Structures are given as C-alpha cells and as structure tokens.
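What follows draws every value from the coordinates through simple rules; no lab data is involved. Since this is a predicted model, take the numbers as computed values, not measurements. Every residue, glycine among them, receives a Cβ derived from its backbone with ideal geometry; neighbour counts consider all protein chains shown.
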Amino acid sequence: MFQLAPKNTKTEPMRDVLAKTLIELAKENENIVVLDADLIGASGLKAFQKAFPERTFDCGIQEGNMVGVAAGLSENGLIPFTHTFSCFAGRKCIDQAFLSASYAGLNIKMIGSDGAVTATTNGGSHQGMEDMGIFRNLNNITIVEPTDANMLRALLPAIVDSYGVFYIRQFRRCTDAVYTEDSTFTLGKGNLLRDGSDATIIAAGIEVPEALKAAELLAEEGLQIRVVDMFTWKPLDEELIVDCASKTGAIVTAENHCLATGLGSAVASVVTKTVPVPMEMIGVDEQYGEVGDLNYLMKKFNLTAEDIAAKVKKAIARKGR
Amino acid sequence: MLTKKEIKELNIFACEIRKATFSAIHGAGRGHIGGAMSMVEALAVLYGKEMKIDPKEPRMPERDRFVLSKGHCGPSLYATLAVKGFFPREALPTMNHGGTILPSHVDRLKTPGIDFSAGSLGTGISVAVGSALGAKVKGLDYRTYCIVGDGECDEGQVWEAAMFAASKKLDNLVVLVDYNKQQLDGWTKDVCDLGDIGAKFSQFGWNTVEVDGHNVSAIYDALEAARACKGQPTAIILDTVKGKGCSYAEKAGLCHHLDMTDEQFAQETALQDARIDALRKEED
C-alpha cells in the first residue's frame, strides 16, 4: 500500500538510495553485480563499489560492451545492474539490450540516469528524451520510472527477484518525496493517487507532482480530476487505463519524454482499442533539449502543472463531440 | 601435443562436420558456406578435444561456454553439435525452414548446445567476455571460447571488449579470430583494411598466437598455450581459407554466401567421404 507524503517532505538523493538499497540486497544475494561506464562517481554506485569491490566493474567509457558483458554475466545466474546516463542507455545500448539480452532470454537490469529535462545543464546531447521509447521496442522488457527515492527503494527487491530485462530510469538528484517511506508498490500496477470524474491525468516521473498540482488548480475551478502515477511504462496497466477512460471520459498523459514514442502513445494505443475517449498529451514534442535549470526547462517544454491543467480543460471540452 | 591418432580422429571429425554442414546448407538451398567452412578445424578441436561438454546435458552448469560471435556461420556449428549428439542429425536439412530449431544465426533459445545468441556482428565477443568474467565472480573453473570473424573486427565493439577483457585479466577466455580474409562485400583488405590483427590484439594486452587454422594439431597447441597463460586472455588468429573443404566455394574465390544444388551436394559429400577413407587408411 502506498500513501502520499506530506508536501515538502524530502528524501536522500535517489542515487544514494539506489546504492544503499543495492548494498542491503547484495548482502543477502551474492548474485548481484554492478557495472558502470565511467560514471560510478556520478551514479551513486561508488558506495556499492566500496562495499563489494569484487562484484563491481567499471567498464570505462564503453556502454555497448557493458550491456553485452552484463548479458554474458547473467548466463550463470548472476544478476547484473548496469548504469549509464539515460541518453547513452537508450541510444548506445539498444543493439546489445536487444540481441545479447532480450532476444537471448537473459537477465539484466539497466539503469539510466537523468531522463530528458532532468539532465538540466548537461544539455541537449545528454537529455535522453527517447530512452524509454527505445526500450519499449523490446518484447517482455519491464520499464520503470520510479517517482521518488522511496519508490525506488521499495521496488528494487522485486526487480532483483524478477527474471528478465529491465530498464530503470533514475533521477539522481531527486530528493522530493511523493510517497511516504513505508509505501509499497507493485510492478505493472499504476497508482490511483486522487479520484475524480471529469478527466484523468496519467503521469510518470517528475510529472506526477505536477499532475497533482494541476488537479488542485482544476479543483478550484470545480473540476474533479483523477490522477494516476503510471511508473511502470511496460507492461502497462491496461486495466487501470480502461477504468480511467470509462469512468472519467477524458485522459491527459504527462511525461518527461518525447511524445513520439512515450507514455502518451502507449496509453493511446490502449485507449483507442478499448474505450476511445478524448486524449491530450504533455511531453516534449519534436524538440531536442537545451541547457537550463529544471524550472526553466519544464516551462520551456510545457511540462508544468499549468500546462497540464490547460490540456485537461481542452480534453474535457472535446468530450461528446 | 596431440598424438598421431588424435590428429587423425580430429581430421575425420572435421570431415564429418563438413558433410553435416553440407546437409544443412543443401537443405536450405543456400547459406554462408565460406565462413562456415573456414572455422571447421577450430570447431573440431574445440568440440572434439578441448571443451568440457555433455551432449546429454547441454546446459550443464560446469560446462565450458562457446560463443559464435560471427553468428551467421551457424551451419557448421549446428553440424558439429549434431555429430556430437546434441540433437538428431535429421534436424540439419531443416535449417532456415519455418519452425526449424536451426536458424541462420545462432539462437540459444532454439538450439540445444547453443550457449549464446548472436547475429549482430561485434556483440558476441562482449557476451563471451561477460561469461568469462562471470566464472571469475562465481569462482567457477569453466572456460569461455569465442570465434570472431575477421570482417567482424571492423566493429568497434570488438575492440571495446578486447580492451575490457585484458584489463580484467580474463585468462579463462580464448577468442579465435577466423582470419579468412573475406567479408560480404569482398576482400577485407579492400573493404576496410584490418592491418595486422594479431599485433592489434597484442597491443590490446592479449596473449596472441597465430596458427594455420586448418591444422588441428597447431590449433590444439595454441589452446594448450592459452590454458597455461595466466593473467591475460588469449587471441588465436586462425589463418584460414574461406570456403575451405567445399571445392566449388574455394574455386569461386569470394564465397561468403552461395547456393548448393543437389549435384554440388552429392559431389562435395563424395569428396569428404573419399577424404575420410584416405584418413582411415593412414597409420595411427
């Protein structure tokens, strides 16, 4: 069961929680190994390396080889976690993730840091706006974007225990708690955070708190908005999407990702097949990133609560047309 | 060192592998004859002598692992596995037919005895490196063998893997480079000149041996030298002829992918039978 944290609750940075949780799990499970591609000082995994030097491999700047090596490691029962930035995880590793791991039926857990605008001052080259979409192409992959550090901590044991290929998008410096520390989550099941009957916002990652804010803004105008945290992008919680379409009659998706291959298109493919309702999408549309702080970039790419609220009103206006 | 009898037996095994490869390629009508033929002696030594395997238990945890990084050369690996009894020989002519267990490119989920999947060149060697590293992490003594194509060495990933393997001192890993000097579009020197592959692996920190890739005794000695080498992975550069042992492929010169007619199948099979007869008559 999950519970929303009181506003302005903080956590340790997500990357520190990643390392600490993996260390705890690795104490019990000697099959867990970690690979990084010269970002061990940035990923938080330096702490894991210190705790388990013999189970940590810094591959140097060779992301594709790292994922291939991870696939080879997993053949004898090891459970490798790889890390690089989200932009490289998607763009540089898809061949190895496809052929060496997924097609081959092996067991690797890929972590990509700082999706899209959360790469802030690393700029357009580093803002992986397409990582989740690239991995959506793999059959039977599990794609997760933990909403906060508490969720990442809670999900990791299930990720370790679930055989197969995973892509996990972490926001390294995230310290904003959306959930309480004792919340629990189920992979593949979206979280209904707030109920309402006029429309649903299906959000992920940094867009979840924005979606909650948008629902508050719209409540002031008398609109009752349902908010769902769809932290598992694949397999998608189709049952919940159908329920949202049926009960609220309009859906707005909100993601920190390009619209071409993102959560919005995944949700739309479910909606059009089941209960077609008006949909609008918040995300980055046919633009590459640029440098700036998070607030600037969220405004620049129309990812704010106000942007979401405007799209919700647009979707509601299209109802019944 | 192999005894004279062992050399003879491995040469006969190589002939059997070639015959069985013809059966697969003839069944498909065409295939990657050139690269399948050039690595036959290496397969004969690996599966006939070097590797710890059990055809009755293909996934035996303590077995040695094999990665065919040049994944398109599945036919002669399938032939080797069939002759060893991993699956019935009758499966060979079904290669590339719908529903087969023998796809053109190796797939660990389809074929008994295939340890890893390949087909996108450059990826298999990384998996082999991971397999060797995995043995070290778990303190297991199995070894990992990987055949890489020479054309495949155009891929940057080969050299990422080479650098990584040497830096992790993976002395339980042997990469055999099938230096047959051809790739799909022609001679390697014309397409993307490889330069001195052996020198490149040496520069990357590998124990490197260059041998006649059709001499089972030389291949075996190189594998023994690899076993004795501590603290470094070994690269064995197999000097080979693309299409070796398939007379019309050898005559064709460039022979990456060729048809095989009924007549060619009969003729090539008869040539191998004659070679087997001649080998059997040699003194032990």
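Which whole-number percentage describes the relative contact order of chain A, with Cα contacts under 8 Å and a sequence gap of 6 or more? Computed value for chain A: 18 percent relative contact order. Between the Cα long axis of helix A:86-95 and the first principal axis of chain A there is an angle of about 70°, rounded to the nearest 10.
Shielding of peptide A:95-107 by partners, expressed as the average count of other chain Cβ atoms within 10 Å per residue Cβ, is 5. Restriction of the trypsin sites (Lys or Arg not before Pro) in segment B:28-115 to DSSP coil positions whose beta-carbon has at most 12 other beta-carbons within 10 angstrom yields B:Lys52, B:Lys56, B:Arg59, B:Lys110.
For segment A:191-317, pairs of C-alpha atoms spaced more than 23 angstrom apart make up 22 percent of the total.
Compared with the dominant principal axis of the Cα atoms in chain A, helix A:14-28 is inclined by about 50°.
Distances between placed amide hydrogens fall under 5 Å for A:Thr142 paired with A:Val165, A:Phe166, A:Tyr167, all partners being 5 or more residues away or on another chain. The H on the amide N of B:Ser69, modeled in the peptide plane, is under 5 Å from the matching H of B:Ile147, each at least 5 residues off or on a different chain.
A simple count of charges around A:Ala177, restricted to other residues whose Cβ falls under 12 Å of its Cβ and scoring Lys, Arg +1 and Asp, Glu -1, yields -2. Among the GluC sites (Glu not before Pro) in segment B:31-80, those located in a DSSP loop and surrounded by at most 13 other Cβ atoms within 10 Å of their own Cβ are B:Glu62. Residue order for A:Asp243, A:Asp161, fewest other beta carbons within 10 angstrom first, comes to A:Asp161, A:Asp243. Residues in segment B:234-250 carry Karplus couplings, in order, of 10, 10, 9, 8, 8, 7, 10, 10, 5, x, 3, x, 10, 4, 6, 5, 4 Hz; the curve used is 6.51 cos²θ - 1.76 cosθ + 1.60 with θ = phi - 60°, and Gly or Pro positions show x. Across segment B:4-281, Cα pairs under 8 Å and at least six residues apart give a relative contact order of 24 percent. Around the amide H of A:Ala250, modelled in the peptide plane, lie the amide H atoms of A:Thr200, all under 5 Å away and 5 or more residues distant in sequence or on another chain. Using just its DSSP H runs of length 4 or more, each adding -39500 (n - 2.57), the protein assembly as shown gives a mean residue ellipticity at 222 nm of -12500 deg cm²/dmol after division by all residues.
The protein assembly as shown has equivalent-ellipsoid semi-axes of 53, 25, 20 Å, by the square roots of 5 times the alpha carbon gyration tensor eigenvalues, sorted largest first. For segment A:223-250, backbone nitrogen atoms closer than 19 Å to the point 7 Å from A:Ala317 Cα along Cα-to-C-beta are found at A:223-225, A:249-250. Once the Cβ-Cβ distance of B:Thr261 and A:Gln287 is raised to the sixth power relative to R0 = 60 Å, the FRET efficiency obtained is 0.60. Dividing the alpha-carbon radius of gyration of chain B by the rule-of-thumb value 2.2 N^0.38 Å gives 0.93. With R₀ fixed at 22 Å, the C-beta to C-beta distance from B:Trp187 to B:His97 puts the FRET efficiency at about 0.10. Computed from the Cβ-Cβ distance with R0 of 51 Å, the FRET efficiency linking B:Met60 to A:Thr9 stands at 0.45.
Across segment A:204-218, coupling constants 3J(HN,Hα) worked out from phi with the 6.51/-1.76/1.60 Karplus curve, θ = phi - 60°, read 8, x, 5, 7, 5, x, 5, 5, 5, 5, 4, 4, 5, 4, 6 Hz, and Gly and Pro carry x.
Remark: A:Tyr179, B:Tyr220, B:Tyr248 ranked as B:Tyr248, B:Tyr220, A:Tyr179, counting other beta-carbon atoms within 10 Å and listing the fewest first. With a threshold of 31 Å on the Cα-Cα distance, the over-threshold entries among B:Lys52/B:Lys230; A:Lys234/B:Lys136; A:Lys27/B:Lys52; B:Lys136/B:Lys181 are A:Lys234/B:Lys136; A:Lys27/B:Lys52; B:Lys136/B:Lys181.
Sequentially through segment B:64-70, phi angles give Karplus couplings (6.51, -1.76, 1.60; θ = phi - 60°) of 6, 9, 10, 10, 8, 5, 7 Hz, Gly and Pro residues having no value and appearing as x.
Taking the 0 to 90 degree range and rounding to the nearest ten, how far is the long axis of helix A:63-74 tilted relative to the main principal axis of chain A, both from C-alpha atoms? Helix A:63-74 sits at roughly 70 degrees to that axis. A Cα-only calculation for segment A:110-266 places Rg and Dmax at 15.2, 47 Å.
The value for segment B:32-143 of Rg(Cα) / (2.2 N^0.38 Å) is 1.03.
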